[in-house]
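Before any comments, here is the structure.
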Amino acid sequence: MAPSATVSQRKQIKRKAPRSFLKSVFKRLKPHLRLKNSSDLLVHLNCLLFVHRLAEECRIKACENKSVVIKKEHLLAAA
């Protein structure tokens, strides 16, 4: 039996946001901003929502082209 080309569903996904990285980027780029403690989580959530919506649009474009795999062309068309 040939090995599968798909990613295993059992692969563990990190459940934590990279909070220290986001905080250091904020402080480095915008040191004058005074942000609340959870503002980095809101930025992380916004990025995740954007990626999720982009993936949905790419999937729709791939289905329109009768393709099973999402390709670079689908991503550029969705963007």
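Just so you know, all these numbers are worked out from the coordinates, no wet-lab data involved. Remember, it's a predicted structure, so these values are computed and weren't measured experimentally. When we count neighbours, we look across all protein chains shown, and the Cβ atoms used for this are built from the backbone with ideal geometry, even at glycine.
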Just going by the charge dipole of the range 14-79, with Lys and Arg at +1 and Asp and Glu at -1 on Cβ, which of P31, H44, C63 is farthest out on the positive end?
P31
Unsatisfied cross-links (Cα-Cα over 32 Å) in the set K30/K71; K36/K72; K14/K72
K30/K71; K36/K72
Suppose the chain between E73 and N46 were pulled fully straight at 0.36 nm per residue; how much longer would it get relative to their current alpha carbon spacing?
7.3 nm
So for the pair N37, S24, with labels modelled 7 Å out along Cα→Cβ, what separation do we get in nm?
2.2 nm
